[in-house]
Amino acid sequence: MSVEWPFHGLNIPALTAGGWRPMPFSEFVLKIHGRCNLACDYCYVYESADQSWRTRPGAMPTRVLTATAERIAEHAREHALANVAIVLHGGEPLLAGKTAISEAVGRFRAAMPPSCDVELSTQTNGVLLTDVMLAMLDEHDVGVSVSLDGDRDGHDRHRLRANGRGSHADVMRGLNRLAGSHRRLYRGLLCTVDLDNDPIRTYEALLETGPPRIDFLLPHGTWSAPPPRRPVDGGGTPYADWLIAVFDRWYHAPRKETGVRMFEEIINVLLGGQSQSENVGLSPVAMLVVDTDGTLQQVDSLKTSYAGAPETGLTVFDHRFDDALLHPGVVARQIGLAALSATCTTCGIRDVCGGGAYAHRYREGHGYLNPSVYCPDLMKLIGHIERTVQRDLARAQPAQSN
Ligand code: SF4
């Protein structure tokens, strides 16, 4: 067990004595296949400090699927949940194959109490989105999000096959099928920010299939293993500059072309709402990961911290999901302000920023009680969005009062 925060220094009995109660899990990320058909060079599952995937089964065995379905149903019943989200994840989840996915989905739906709605989706690299696969996903009402990093040059800079060949053409074939006759399943795109890609060209390439939403992800990194070109001495804001270019293009478009999750969440919190994203604001995180071997994990992005960082030591066979709710790493992502460093606590934008993604706060020897390694970028981006929205609101007010 790590001696770093939150394993050392987070007093859970004191929190509960003070009235804090954990929020039940409502999103379950299931690694139904632990291998991948791509070899992206920035992948935090296969290229990070944590190489635990090597010792786990490829596909999630039936007994793990069955036990997981029962645990989700048990959790839904015990907490009277009205809805849960189940995300079929990997590795590359579609490697599990059409028949296995179809059976798994049937198992999850059948296990749930009738009072609980189940929203099923999958996060895929898009290469295996064939007509047959999409027909099965359509039949079972499984939403689909696809990872795409921009145009061919931008995407193929990192998202490669094991032989070094780019995957863009294959992904676009699948994506066009999804955005065509299976459009109702299309949930959106995930794009990892790469400073070597032009922000506007990237954004406009992502718009090509009319995604309902784009999720821009900052490359994972920590104070001990910084993200590419993110200076840890505080100088420069390369990621803010990249994202601000996209924000201005998105916000000032004559009509809404798509939703951009990060920007919408920031605006939402600036206007007094609650964030639905772990990476914005102080809302508790209600997500749990089940790996192919049935172990319960916190979140994959922690793999960039140190080997074993996402582990809870719990399994779907031997533990209720309520046991995971009291794991220090889970508690730390549920207590909002109480999990922020002294620097973040006194920061003027802390309620919007929320200290950044939990994984990006890690510093070897100190744990997660630090500002985000992206702190200067987050300050600049949030400040820019706030000023832009305030200017618009100020302009709108006289018109409304007429
Ligand atoms: S901007 Fe920096 S100091 Fe402020 S809350 Fe975010 S990470 Fe913390």
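Where a number appears in this text, it was derived from the coordinates with a stated rule and is not lab data. Keep in mind that what you see is a predicted model, and the values were worked out from it rather than measured. Heads up, the Cβs are rebuilt from the backbone with ideal geometry, glycines too, and the neighbour counts pull from every protein chain shown.
Listed values, structure above:
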item: Net charge of Cβ neighbours under 14 Å - reference residue 294; Lys, Arg +1; Asp, Glu -1; result: -1
item: Rounded, prolate or oblate (a/c below 1.5 giving rounded, otherwise prolate when a/b exceeds b/c) for the chain by Cα gyration tensor; result: rounded
item: Estimated [θ] at 222 nm from DSSP helical runs (n ≥ 4, -39500 (n - 2.57)) normalised by residues in the chain, nearest 500; result: -10000 deg cm²/dmol
item: Lysine pairs within the stretch 12-389, Cα separation less than 29 Å, 8 or more sequence positions apart or different chains; result: 5
item: Built amide H within the under 5 Å cut-off of residue 214, gap 5+; result: 189, 259, 260, 261
item: DSSP-loop trypsin sites (Lys or Arg not before Pro) across the stretch 164-265, with at most 14 other Cβ within 10 angstrom; result: 165, 229, 255, 256
item: Estimated FRET transfer efficiency when R0 is 35 angstrom, pair residue 252-residue 217 (beta carbons, to 0.05); result: 0.90
item: Kyte-Doolittle at least -1.0, axis length at least 27 Å by Cα - qualifying DSSP helices, the chain; result: 375-401
item: Gained length - residue 7 relative to residue 132, 0.36 nm times residue gap less alpha-carbon distance; result: 40.3 nm
item: Efficiency of FRET from Cβ geometry, residue 342 and residue 77, R₀ 35 Å, rounded to 0.05; result: 0.30
item: Rough spin-label spacing in nm, given labels placed 7 Å along Cα→Cβ, for residue 66 and residue 119; result: 3.1
item: Net lengthening on full extension, residue 229/residue 245 (0.36 nm per residue, minus Cα-Cα); result: 4.0 nm
item: For the stretch 264-402: rounded, prolate or oblate by the Cα gyration tensor [a/c cutoff 1.5]; result: prolate
item: Among 357, 104, 307, residue whose mean-square fluctuation peaks in a GNM of the chain (springs only between Cα atoms under 10 Å); result: 307
item: Sparse-neighbour loop sites [trypsin sites (Lys or Arg not before Pro); the stretch 316-402; at most 15 other C-beta within 10 Å; DSSP]; result: 320
item: Sites residue 140 and residue 395 - FRET efficiency at Förster radius 60 Å, r taken between beta-carbons, to 0.05; result: 0.80
